[in-house]
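Right, one structure below, let's go through it.
Just so it is clear, none of the values below were taken in a lab; they were calculated from the coordinates. Note that the structure is a prediction, hence the values are computed from the model and not measured. FYI the Cβ positions are ideal-geometry reconstructions off the backbone, even for glycines, and counts take in every protein chain you see.
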Amino acid sequence: MASTSSSSIRIGIVGAGENTRLRHIPGLAAINDVKIVGVVNRTPASTARVAAEYEIPQQYPNWHELVADPTIDAVVIGTWPDLHCEVTCAALAAGKHVLCEARMARNLAEARLMQQAAVARPDRVAMLVPSPFGLLVDREIKQLLHDQFIGDLRELVVLGADDQFFDYSKLLHWRQDANISGLNVLTLGIMHETALRWVPQPTRVFAQTHTFEPIRPNPAGAGNRPVTVPDSVQVLTQMPGGARGVYHFSGIDLHGPGKQIHLYGSSGTIKITFGAQERVFIGRVGDARLRELTIPTENLIGWRAEAEFIGAIRGEESVRRTDFASGLQYMEFTEAVARSAANSLPVDLPLL
């Protein structure tokens with residue numbers, strides 16, 4: 001936990017992406033004595049639009065000037081992943097608290113630099129935006145596992161397969177550009193982060209990937225550009241205690257299963273589906289079928305990333321979702337998947 005020298009916390013925003021506009025700006029604005037005082041976006045024009053829309057008083061020509069501003073207490077980083085490491089390290093070195101958007105970095109090496117910067121400033125809060133999947137039902141799932149509802153975990157199934165990239169006539173998305181997105185494929189990292197709330201990190205992964213359409217229209221001009229991030233991923237994992245895992249991710253599956261996590265044990269099953277609402281289905285030995293679990297309202301926690309960030313700055317709570325150490329775990333997993341797929345060999349975790 002950390003504390004700030006003034007009662008009012010002054011926030012600067014580097015990159016007002018979709019999640020920043022939909023969640024972080026309204027979430028921070030709703031907290032007493034929190035002021036969003038500055039913003040810088042990719043271009044002066046987009047910076048001006050965001051500043052006008054959200055009544056942010058100060059505009060900066062570049063992120064370096066925002067980070068260096070001594071009047072700013074905390075920096076919210078909503079850029080694409082290619083800037084996460086550089087801005088985070090600079091902000092922490094400048095004595096700012098940091099809330100960085102998910103996809104911690106492009107690769108494990110950058111994530112480790114971010115963790116080193118956070119360790120060097122234990123008086124500052126360093127937090128990642130958590131995976132939103134599973135937050136609502138997390139307390140209930142953990143209680144079921146604590147009560148041995150499924151017995152010993154035998155198999156984990158993690159799905160993230162849909163048709164978001166099925167239409168090959170659409171412009172190249174930043175998530176399909178490895179220079180921006182890095183090694184984190186589709187929603188592999190964010191769904192693995194959710195799974196890690198309930199199961200241990202794998203000790204071994206064996207992966208394959210494929211890109212079914214290698215070019216897309218150029219979003220910045222004429223012609224096409226190469227797709228450098230796979231649109232299909234399958235991963236087999238081993239976990240401590242002998243449990244096995246299967247991951248299936250795709251952006252080109254018409255009528256695919258969407259996002260789901262299944263936990264199969266020696267005496268029961270838990271199945272979580274993510275869509276318009278999070279739903280939990282459970283069943284034990286002797287049950288004819290799975291039944292949907294009704295979760296008491298008081299056990300539905302949900303999204304509170306902005307409140308947790310500010311609470312940690314004020315010394316009122318610790319960062320639980322997601323600190324940099326937890327982010328390193330999903331970054332290590334996505335790195336291991338990439339290495340395994342590239343070499344057609346299993347990869348052991350942790351990575352040296």
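For the chain, the dipole from Cβ point charges (+1 on Lys and Arg, -1 on Asp and Glu) about the Cα centre works out to 240 debye, to the nearest 20. Placing unit charges on each Cβ (+1 for Lys and Arg, -1 for Asp and Glu) gives the chain a dipole about its Cα centre, and among Gly151, Gln201, Phe309 the Cα reaching farthest toward its positive end belongs to Gly151.
What is the calculated FRET efficiency for Asp123 to Ser8, with r their C-beta to C-beta distance and R₀ = 22 Å, to the nearest 0.05?
Result of the calculation: an efficiency of 0.75.
Legend: calculated FRET efficiency, Leu345 to Ser169, from the Cβ-Cβ distance at R0 = 35 Å, rounded to 0.05, equals 0.45. Of all DSSP bridge pairs formed entirely within the chain, close to 60 percent run antiparallel. What is the sum of charges around Ala105, taking Lys and Arg as +1, Asp and Glu as -1, for the other residues whose C-beta is under 13 Å from the C-beta of Ala105? Counting the neighbours of Ala105, the net charge comes to -3. Build a GNM of the chain with springs between Cα atoms under 10 Å apart, and of Thr322, Thr43, Thr237 the one that fluctuates most is Thr43.
Assuming R0 = 56 Å, can you tell me the calculated FRET efficiency for the pair Thr294 and Ala68, based on Cβ-Cβ distance, to the nearest 0.05?
Plugging the Cβ-Cβ distance into 1/(1 + (r/R0)^6) gives 0.60.
Other residues within the sphere of radius under 12 Å centred on the Cβ of Ala74, judged by their own Cβ, net out at +2 (K and R +1, D and E -1).
With θ taken as phi - 60° and the Karplus curve 6.51 cos²θ - 1.76 cosθ + 1.60 applied, the whole-hertz 3J(HN,Hα) list for the stretch 235-245 is 9, 9, 10, 10, 10, x, x, x, 5, 10, x Hz, x standing for glycine and proline. Label 7 Å along Cα→Cβ of Leu236; the stretch 147-162 residues with amide nitrogen under 17 Å? Of the residues in the stretch 147-162, 154-158 have backbone N under 17 Å from the label point off Leu236. Is the shape of the stretch 210-320 best called rounded, prolate or oblate, per the rule: a/c under 1.5 gives rounded, else a/b larger than b/c gives prolate, else oblate, with a ≥ b ≥ c the square roots of the Cα gyration tensor eigenvalues? Here the stretch 210-320 falls in the oblate category.
Can you tell me which of 283-290, 267-274 comes out highest on packing, and rank the rest after it, using the mean Cβ neighbours within 10 Å?
267-274, 283-290
Indicate the gyration tensor shape class of the stretch 270-352 (rounded, prolate or oblate), computed on the Cα atoms with a ≥ b ≥ c the square roots of the eigenvalues: a/c under 1.5 is rounded; otherwise a/b larger than b/c is prolate and the rest oblate. It comes out oblate by the Cα gyration axes. Packing, as the average of other Cβ atoms within 10 Å across residues, places the peptides 10-23, 124-137, 49-62, 213-226 in the order 124-137, 10-23, 49-62, 213-226, highest first. Against the chain, whose longest principal axis comes from its Cα atoms, helix 324-343 is set at around 60 degrees.
Of the options His248, Val229, Thr187, report the single residue whose Cα projects farthest towards the positive end of the charge dipole of the chain (beta-carbon charges: Lys, Arg +1; Asp, Glu -1). It is His248.
Among His192, His210, His262, His24, sorting on how many other beta-carbon atoms sit within 10 Å of each Cβ, with the fewest leading, yields His210, His262, His24, His192. Overall form of the stretch 16-86: rounded. Here a/c, set by the Cα gyration tensor axes a ≥ b ≥ c, is under 1.5. Could you compute the net charge surrounding Gly38? Neighbours are other residues with a C-beta less than 13 Å from the C-beta of Gly38; K and R count +1, D and E count -1. Cβ neighbours under 13 Å give a net charge of -1.
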